[in-house]
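The values are calculated or read from the model by the stated rules, or taken from the named source; none is laboratory data. On a predicted model such as this, the values are computed, not experimentally measured, just so you know. Counting neighbours? That spans all protein chains shown, and the Cβs are built from the backbone with ideal geometry, glycine included. Protein only, heavy atoms only, side chains kept; ligands, DNA and RNA dropped before computing areas. Shrake-Rupley method; radii C 1.70, N 1.55, O 1.52, S 1.80 Å.
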Amino acid sequence: LQVLNEKKLQEVDSLWKEFETPEKANKIVKLKHFEKFQDTTEALAASTALVEGKLSKNLKKILKKIVAKDAHEQLAVADAKLGGVIKEKLNLSCIHSPMVTELMRGIRSQIEGLITGLPSREMAAMCLGLAHSLSRYKLKFSPDKVDTMIIQAISLLDDLDKELNNYIMRCREWYGWHFPELGKIITDNLTYCKCVRKVGDRSNFASSDVSDILPEEIEEDVKAAAEISMGTEVSEEDINNIIHLCDQVIEISEYRTQLYDYLKNRMMAIAPNLTVMVGELVGARLIAHAGSLLNLAKHPASTVQLLGAEKALFRALKTKRDTPKFGLIYHASLVGQSNTKNKGKISRMLAAKTALTIRYDALGENTSAEMGAENRLKVETRLRLLEERGIRRISGTGKALAKTDKYQNKSEVKVFDPSGDSTLPVVSKKRKIQEVDEQDTEVAVKAKKFKADMKEGTAVEDGEPVKKKKKKKDKEKQAEEEVVLSEEIPTSPIFEPCCLATRVALLFHYALFMATFVCLQNTEKKKKKKKKMKDESED
């Protein structure tokens, strides 16, 4: 379209008045060139290119023709980004301003009058089809992949489970006042409600046939318990209300089964690989928790692993404790098969493979579940290896177990030196036993000779004669005792000949040992004496 009167475009606020009628619009702009699309696919490609700010092939051809004829004129564009691309590739000056935006709005309102030869009905149908296609492209929407239905279905399924449990508890408690033994005999909730609805009052059990609901053994037990029941009598109106409640429980149970089948089919259609990896319920809960399948595909594997455990995660971070290892993925069958020690490892590996399958389901064009089956097989193989506690080698044949050397502690062990515990002076050089014996013998000979000289009065000491003393007998007796003591010292390893200080220390330790030994004997005697007195007192 070519602008005929540029002066009127300067008045932006009143420009809408020039497009009130097709006649006024033809005075402002004029059709210069028109080229139609071959089909809707081509129109959608051109529209998406304009939305993303790209230059399509058809638009490029048309603009080249315009450049050859009117290269000096400006091109009004609604998107500044697109104008930059046109100016860069075709060297054509472009303009974008509020005036251009208002002009585009007026042209769209009178497009049927500006382009002649197109029926209004066909124009409306083409616009509607192109709008739907463009909306699907913008929202990445596919009619076969409606994850909103999965979110609503899993939420409804959880609500039904809660309500069904409340109804069944109320039914058991209510009918338990009339027939309390029935609740212990029939443990299945649905069977319990069917039996109550069919029989009603407990007195009817004897004449009723419930073989289509219960096995023969349980049926006999129920009839026997009905005859001797300790429950209270209830009116017919009470029984009718209980039966009506049983009808509600049975209907909700049937609807829940139908809803689960629907959810299973939708999950296999929308996310088949995710369903194979973690199951229908866990996969649907992951999608519902993330908001959509596309949002879930944007999460990393670590986030997928902890989805549903956000409260525990932030509590652990706040208190500086261990963070949780799994969230909703804990309910997957692969995690449930592993033991407690390996649950963390399996959940981490399962989350990594699940993140891949989610992205494949959300962004891939193929709808097969082969990728999910392959990844599940890998996780099962890893689980089997962990359960067997055999980690195989990655390289080589892969058949032999990984060989690990036995750990050996190579630290040096220092021996305690007991020499530092003794406070006695240390003799630098030890004398030989033979030398000590010779010295002791010489001392004994000198002592005898000195004693004999003293008797004769000819003893000499330091060159001077030694006089006899009064206490001669005492001196002789003391000398004899010293000689005897030196002869009687044993030559055992403990009493080896050594210095006098060492001998005194050894004698001191020996005396201390003997004193301790005597004390222990006295203590044992006292204990025996007390025990004996105690036994006598008891007798």
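Pairs exceeding 28 Å between alpha-carbon atoms, taken from 17/64; 30/65; 17/54: 17/64; 17/54. Note on residue 201: accessible area is roughly 30 Å² with a 1.4 Å probe, heavy atoms of protein only. Counting only heavy atoms of the protein chains and using a 1.4 Å probe, residue 193 has close to 0 Å² of accessible surface. Once backbone amide H atoms are built at 1.01 Å from N, residue 94 has 75 as its partners under 5 Å, excluding neighbours fewer than 5 places away on the same chain.
Centre-to-centre separation between the Cα atoms of region 195-209 and those of region 4-58: 80 Å. Computed on protein heavy atoms with a 1.4 Å probe, the accessible areas place 326, 34, 314 in the order 314, 34, 326, largest first. Placing a label point 7 Å from the Cα of residue 64 along the Cα-to-Cβ direction, the residues of region 73-96 with a backbone N closer than 18 Å are 85-93. Residues 299, 132, 178, 331, ordered by accessible area of protein heavy atoms at a 1.4 angstrom probe radius and largest first, appear as 331, 132, 299, 178.
Each of 533, 267 has its accessible area taken with a 1.4 Å probe; listed largest first, they run 533, 267. For a test of the definition: using alpha carbon positions, the gyration tensor, and the 1.5 limit on a/c, classify region 271-387 as rounded, prolate or oblate. Note, shape of region 271-387 comes out oblate. Counting only protein heavy atoms and using a 1.4 Å probe, the accessible area of residue 523 comes to about 70 Å². Let me make sure I get this right: for region 1-116, a, b and c are the square roots of the gyration tensor eigenvalues over alpha carbons, sorted descending. Under 1.5 in a/c it's rounded, otherwise prolate if a/b > b/c, else oblate. Which is it? Prolate, because a/c is 1.5 or more and a/b exceeds b/c.
Fully extending the segment from residue 229 to residue 173 would add 18.6 nm, taking 0.36 nm per residue of separation and subtracting the current Cα-Cα distance. Neighbours of residue 178 by Cβ distance under 9 Å: Lys/Arg scored +1, Asp/Glu scored -1, total -2.
At a Förster radius of 60 Å, what calculated FRET efficiency corresponds to the Cβ-Cβ distance of residue 133 and residue 352, to the nearest 0.05? Efficiency for this residue pair is about 0.95.
Based on the alpha-carbon gyration tensor of region 146-260 and its eigenvalue square roots a ≥ b ≥ c, which shape applies: rounded if a/c is under 1.5, prolate if not and a/b is larger than b/c, or oblate? Prolate is the answer for region 146-260, as a/c is 1.5 or above and a/b outweighs b/c. The local environment of residue 344, defined by Cβ-Cβ distances under 12 Å, has a net charge of +4 under the rule Lys, Arg +1 and Asp, Glu -1.
Solvent exposure of region 188-340 amounts to 56 Å² per residue of accessible area, where only protein heavy atoms count and the probe is 1.4 Å. What does the charge dipole of region 242-367 about its Cα centre add up to, to the nearest 20 debye, if the Cβ of each Lys and Arg holds +1 and the Cβ of each Asp and Glu holds -1? So the magnitude is around 1040 debye.
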